[in-house]
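Here is the structure we will look at, set down as structure tokens.
The values are calculated or read from the model by the stated rules, or taken from the named source; none is laboratory data. Predicted model, so just to flag it, every value in this text is computed and none were measured. Note that each Cβ is placed from the backbone with ideal geometry, even for glycine, and that neighbours are counted across all protein chains shown. Ligands, DNA and RNA are stripped out before the accessible areas are found, and what is left, the full protein with its side chains, is counted by its heavy atoms. Shrake-Rupley method; radii C 1.70, N 1.55, O 1.52, S 1.80 Å.
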Amino acid sequence: MAERLVRLTARPRRYIATAEAWDDEMRDRIARHRADRGGDWITAEAPLDLCGALAAAGAEEVVLVDCATLWLTNHLLAEHDLEAEAAALLAALAACAAPVVVVSNEVGWSIVPENALARAFRDAQGRLNQRLAGSAELVVAVMAGLPLALKGGLPQGLA
């Protein structure tokens, strides 16, 4: 859905990937995703330095960040200050010269995890999603492949 939204523009497309390939399955998943996207994207890998990757985007481009959830996971596992990282990300998004589409997962709709790390992640992801949504012009939830505008209106061609 996010790729469709980005393709609605006539701008050059920049894809910022936050995933890391720790095993063969993830390497295959990333390769399939890249092949499905096609070769007409500028791709930057930013598992931690998303702010730097956003700063590198040109004003003529449109940026797709995939995804905030993996980026947050990377910082959590690196034992970074999640609040400071989130604040820096929000500032980088506001300063980015290009329009940005951010993919993020809603992880709070399921059961409460049984361990402290998973609960800390769920809570931090919820706070990040709230902050991202608060600063966004358009917020779209996608369930079963169907978009639901939570904030703003769905552009023609996305609904």
Taking the range 121-159 as the search range and keeping residues that are part of a strand (DSSP E or B) and open to solvent by less than 80 Å² (accessible area, probe 1.4 Å), which one is farthest from Ala87 (Cα to Cα)?
-> Pro147
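Per-residue answers, yes or no, for (1) out of contact with any Ser or Thr (no Cβ under 8 Å at 6 or more places or on another chain); (2) touching a residue at least 60 places away in the same chain (Cβ under 8 Å); (3) of a type in the set (Asp, Glu):
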{"position": "Asp66", "(1), (2), (3)": "no, yes, yes"}
{"position": "Thr69", "(1), (2), (3)": "no, no, no"}
{"position": "Glu85", "(1), (2), (3)": "yes, no, yes"}
{"position": "Leu89", "(1), (2), (3)": "yes, no, no"}
{"position": "Val112", "(1), (2), (3)": "yes, no, no"}
{"position": "Val139", "(1), (2), (3)": "yes, no, no"}
{"position": "Val142", "(1), (2), (3)": "yes, yes, no"}
{"position": "Leu150", "(1), (2), (3)": "yes, no, no"}
Does Gly38 qualify as being loosely packed, with under 14 Cβ neighbours inside 10 Å, of a type in the set (Gly, Ala, Ser) and under 22 Å from Leu158 (Cα atoms)?
-> yes
Helices (runs of 4 or more DSSP H) fully within the range 1-103 counting 1 or more residues that are touching a His at 6+ places or on another chain (Cβ under 7 Å) = 82-95
Collect the residues in the range 10-35 that are in contact (Cβ under 8 Å) with a residue 12 or more places away in the chain, open to solvent by less than 50 Å² (accessible area, probe 1.4 Å) and not basic (Lys, Arg), keeping them in residue-number order.
-> Tyr15, Ile16, Ala17, Thr18, Ala19
Could you identify the single residue in Leu70, Leu54, Leu64, Leu50 that is under 13 Å from the mean Cα position of the chain (by Cα), under 27 Å from Arg119 (Cα atoms) and open to solvent by less than 30 Å² (accessible area, probe 1.4 Å)?
-> Leu50
